[in-house]
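Scroll down for the structure; my scribbles are underneath it.
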Amino acid sequence: MQLKSTISIALFATLVYSQAKDLNPGGVGCVDPSGYTSCYATSASKFTGCGEACMNQYSQGSTDFEDCINGCSATNWATNIGCWLQTCWNQVYSCRYQGTALQYIAGTDILQTTMKKPIPYYPTPEGVPGACSCNLGQVYGNITDLSIADIPVCADVGPGGTAVGASETFDCNCCRTGQLLSNVFNICPNSNLSSIGFDKFFATEEKDITNAQQSFSEIAKTQLGNCTILDTAPDTCASKYKLPIEGTKWWNPLALPSGVPGTQALSDIPGSVTVPPWGASTSTMVLFPAYTTVITPAPYNAKNAAATTALAGTGTATGSTGAAATTKANAGNAVMTGRWGMGLVVFAVGGVLSF
């Protein structure tokens, strides 16, 4: 299944997913809230100026115009990460910072497995204070990278047009869907992930596997089970179809337990970060060839940087109760070769991350 969707840009004023959304308006809880808001304002102003320059230089709708606008957007996303690292470093484990990193990754079409250098603190390390209740970096990396790079085509797995072939191909499809969902539920089975568009992704996957069950049952001339391979012989998914999972538990898309997908709101667990995890000294950050910046963390201010609590309006912090899972998506920051930014490796085009 292909999750990329190409965006055709006709007008600068109507760009889809162009300028990054500020996920922490006002810099609430940052060590330097005024510096944070000023940094975001400067980033937005430069983005506008960059876009206007593209409009003046290239014909709208042309390849050059699209590439120019994509460069403006990527710089905007990257600059905003720098804003956090300088003025809100005490919240870099939060859902909102992870969302800011995801804006850059999704918008520039980066696969997390291809990253060369890390985006600081993304994905969130284990056991840190003030972390997001769901490790969004692991979830996003597992599902997008696997969806695009690792999933083989299940067509023609067995003899075509036969009952045996239909059964084997359906089993493969069950493994493929089960792999995608297990790599999410093994990390965050209880979390409401609609903010990154997982609800839409799940609905599509559920519909596809249900339709596949009906279609292959007609070919097999018998009713095929509800992905029983995932309940009785899940190891076959890896040994026969080369579809392993991250973690130990397989989740059956046609027989999920009550409460999965979860409904618990994303939130930040309690805790305070009082020393810049990256270090108090000045550092240089490079996120893509056109963007390099010097990061100087603002001094810690206890009055501004109150201990991280649950996000307003998002409920209380909740942990994961699923089987342990890792991620193929280690942090990093390389751009794709060619015309990066033309597609979004993202579940919900135009609406990722709205906390």
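The values are calculated or read from the model by the stated rules, or taken from the named source; none is laboratory data. If you're wondering where the values come from, they're calculated on a predicted model, not measured in any experiment. Virtual Cβ from ideal backbone geometry, glycine too; neighbours counted across all protein chains shown.
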- Among the numbered criteria (1) touching a strand residue (DSSP E or B) at 6+ places or on another chain (Cβ under 7 Å); (2) crowded, with 23+ Cβ neighbours inside 10 Å; (3) not β-branched (Val, Ile, Thr), which single criterion is violated by Gly271? (2)
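Residue-wise test of (1) modelled with pLDDT under 95; (2) outside the structural domain of Asp109 (by TED's automatic domain parsing).
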{"residue": "Ser215", "(1), (2)": "yes, yes"}
{"residue": "Thr228", "(1), (2)": "no, yes"}
{"residue": "Glu246", "(1), (2)": "yes, yes"}
{"residue": "Ser258", "(1), (2)": "yes, yes"}
{"residue": "Leu287", "(1), (2)": "yes, no"}
- Query: Limited to segment 152-200, what total is found for residues that are of a type in the set (Val, Ile, Thr) and not in a loop (DSSP other than H, G, I, E, B)?
  - Reply: 5
- Note on the structure: Taking segment 124-140 and keeping residues over 22 Å from Thr284 (Cβ atoms) and not aliphatic (A, V, I, L, M) leaves Thr124, Glu126, Gly127, Pro129, Gly130, Cys132, Ser133, Cys134, Asn135, Gly137, Gln138, Tyr140
- Evaluate segment 38-56: report whether one residue or more is farther than 22 Å from Leu287 by Cα and β-branched (Val, Ile, Thr). no
- Residues of segment 105-137 satisfying the condition of being farther than 17 Å from Trp84 by Cβ and at pLDDT 90 or above: Glu126, Gly127, Ser133, Cys134, Asn135
- The condition from (1) modelled with pLDDT under 90; (2) over 30 Å from Glu206 (Cα atoms) that Ala44 misses is numbered (1)
- What tally of residues in segment 26-62 results from selecting those that are surrounded by fewer than 18 Cβ atoms within 10 Å (Cβ to Cβ) and touching a residue at least 60 places away in the same chain (Cβ under 8 Å)? 1
